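All remarks here apply to the structure that follows.
The values are calculated or read from the model by the stated rules, or taken from the named source; none is laboratory data. Worth saying up front: this structure is predicted, and the values here are computed from it rather than measured. Every residue, glycine as well, gets a Cβ built from its backbone with ideal geometry; the counts of neighbours run over all protein chains shown. These area figures cover heavy atoms from the full protein model, side chains too; ligands, DNA and RNA do not enter into them. Shrake-Rupley method; radii C 1.70, N 1.55, O 1.52, S 1.80 Å.
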Amino acid sequence: MTCTKETLVCLQERTTSLLNRYTLPSDELQTLTKDFERGQNMFEEVDTPYKMTMYLAENHSFIEPTEIFVGSRGDTARKQGKWDVKYELLESGSKTKHSTKNIWVLKIFFLSCILFVVFCIIFIYLEDYFKATFTKQIGQAHESKDSVQPNAPPSTHLPLEQTTHIHHTSTSPPSPNACGVQVKDGPLIKVDHHNTYVIGSYVDHRLREKQIKSIAIVLRHEPATYSCVMCCDGRIVTSNAQCSIHSDHFNYDYGAATITCPISSRCLTPTHVAITAGGVSGRVTSFQSVRNRDVPITFPYDFTVCHCVMYDYKNVLMLVESIEMSRLLGAQRVVIYKTNCDSDTQKVLDYYEKSGFVEIIPWTIKNHINVSKGWKIDIAPGQLQYYGQIPALNDCVFRYMYQTRYLALQDMDEFILPIKEKTWRELFPLLEHLYGTDVGFEFENNQFPMTAKLHLEHNVEAWKHVKGINILNYIEREPINPSAFNNYKVIVNPRLVQKVTVHGLLETANGKPTVRVNKDIARMYHFKNYTFPPNTNLITDSHLWDYTNKLEPAVSEVLQDCGLLKPR
């Protein structure tokens with residue numbers, strides 16, 4: 001290329017013509033034209049081939065000359081006919097045309113993807129909308145019979161046992177209706193055509209095939225078969241049920257039972273269930289919410305206490321002492337199955353329920369069955385043993401199976417105390433180390449008769465007008481009779497339990513019995529109003545006083561907040 005002002009002008013014209021064939025964008029063409037203009041203005045400064053080469057390279061990379069003649073050599077070149085300009089397209093320039101097209105192709109591709117995603121979202125929304133519309137019309141029963149599957153062996157695998165405090169969705173209030181049928185929150189729903197009352201229904205995740213287990217009270221001598229009617233995503237699915245009556249009925253007419261419904265592929269996620277009489281046709285009149293539908297990664301509580309049951313209760317002071325002692329020992333939840341109580345007791349229950357520390361389960365079995373006030377039918381007549389305590393205990397186990405690491409099954413006047421440690425949090429790592437993590441723990445029952453001598457060192461003056469017994473006044477216990485049955489109570493991992501009774505477990509998931517904890521490690525303190533045998537040498541045991549520094553102010557605060565302390 002001959003580099004003179006004249007040749008530069010000519011080069012500009014020819015370059016413009018050439019670039020038009022490559023459809024270079026107008027803004028880039030204008031930039032190149034300005035480069036040529038700057039080159040003309042700076043021509044006097046470009047006096048060597050090297051400078052010209054560097055100038056063209058720095059200002060535009062689209063072309064590079066194959067030959068450059070500057071100064072007098074430019075005149076010689078013109079004379080020799082070297083006027084025509086030779087161009088070599090650089091690699092970047094050769095791809096400009098294709099690059100521009102590729103950019104447009106990519107834009108079109110991404111736009112198509114976005115439109116496709118939007119279309120899919122609209123399609124899914126419309127599908128769910130029409131599905132919900134159609135499933136509302138299911139009062140006609142899509143009913144199908146599933147044959148009862150044999151149970152798989154119980155799994156010993158237990159979920160993680162961490163303690164993050166969460167609220168689990170399976171305990172949320174149920175919907176007002178399911179599959180077009182009314183939902184009753186229960187407990188105690190009567191099964192039509194049978195003398196059977198269902199308390200609660202729960203998913204059991206411990207077997208290879210999940211099941212729904214409904215805790216019920218049944219008339220033992222009545223021949224009865226059952227069906228499970230389940231609501232699954234707006235569909236009604238029916239299967240046969242199996243009923244297992246618990247053996248600890250103490251010869252009363254009614255007893256606790258477990259009614260099992262298999263969960264099949266036709267209904268993998270039942271939300272509601274109704275237990276009906278087998279072989280009886282008819283529309284379901286009410287559903288019950290299925291609890292424990294999911295297994296949480298972590299459990300809301302470390303320790304939960306179940307009190308079954310509260311009947312004609314008036315012992316306000318002991319109630320507050322019991323709940324506050326449970327809190328001091330490490331419980332994060334107390335569950336009370338309540339039939340009835342006086343107004344002051346109700347104030348206390350309302351206070352704790354509002355705080356979230358206590359859950360009250362209405363226990364209205366006396367409206368359906370004549371309950372006894374004892375456990376021996378010849379002494380305490382009736383149709384069901386001791387206010388229905390055993391079915392309530394079984395319901396509490398399943399209700400909290402996936403909400404708590406450990407469950408204490410004890411009465412309001414019973415306290416399971418560590419001897420050396422202060423709390424259950426400190427005690428249970430020791431018990432797990434000594435006895436293992438796959439067993440329940442029994443705690444020896446030590447009775448403190450309220451007919452014994454009073455010890456008034458902790459007789460709080462402000463409490464004297466509060467109804468009930470101050471357990472701190474009783475520190476003398478009766479010696480253990482090794483030949484008599486000991487009415488121990490248990491704290492157990494609820495996932496180990498299949499059936500529970502008043503004193504221990506009837507059936508465990510892994511077949512292992514409970515173990516008795518050494519009395520020097522922990523034991524139960526039972527404050528009971530009874531007459532102990534004459535000439536009994538009572539043993540002074542003031543271990544409960546070790547908690548008074550925290551217990552007394554805590555009890556006083558609750559009584560004050562409930563308006564049960566008289567002003568001084």
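So the values come out like this:
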{"quantity": "Test: residue in segment 368-383 that is assigned by the TED database to the domain that holds residue 553 and touching a Cys at 6+ places or on another chain (Cβ under 9 Å)", "calculated": "no"}
{"quantity": "Contacts under 7 angstrom Cβ, first residue in segment 233-248 being under 16 Å from residue 274 (Cβ atoms), partner of a type in the set (Asp, Glu), 6 or more apart", "calculated": "236/143; 238/143; 239/146"}
{"quantity": "Set 506, 551, 538: member being under 30 Å from residue 388 (Cβ atoms) and either of a type outside the set (Phe, Trp, Tyr) or not assigned by the TED database to the domain that holds residue 409 (or both)", "calculated": "506"}
{"quantity": "Single match in 454, 431 (criterion: outside any loop (DSSP other than H, G, I, E, B) and either without any contact (Cβ under 8 Å) to a residue 12 or more places away in the chain or more than 20 Å from residue 487 (Cα to Cα) (or both))", "calculated": "431"}
{"quantity": "Segment 538-568: number of residues that are without any contact (Cβ under 8 Å) to a residue 60 or more places away in the chain and closer than 13 Å to residue 348 by Cβ", "calculated": "2"}
{"quantity": "Residues being in a strand (DSSP E or B) and open to solvent by less than 10 Å² (accessible area, probe 1.4 Å) - total across segment 242-256", "calculated": "2"}
{"quantity": "Matching residues, segment 481-511, being open to solvent by 40 Å² or more (accessible area, probe 1.4 Å), in contact with a Lys or Arg (Cβ under 8 Å, 6 or more places away or on another chain) and more than 11 Å from residue 248 (Cα to Cα)", "calculated": "507"}
{"quantity": "Neighbours by Cβ (under 6 Å, 6+ apart or cross-chain): first from segment 259-277, assigned by the TED database to the domain that holds residue 244 and closer than 15 Å to residue 213 by Cβ; second modelled with pLDDT of 95 or more and part of a loop (DSSP other than H, G, I, E, B)", "calculated": "259/241; 261/241"}
{"quantity": "Residue in segment 257-277 that is under 30 Å from residue 326 (Cβ atoms), modelled with pLDDT of 95 or more, part of a loop (DSSP other than H, G, I, E, B) and touching a helix residue (DSSP H, G or I) at 6+ places or on another chain (Cβ under 9 Å) present", "calculated": "no"}
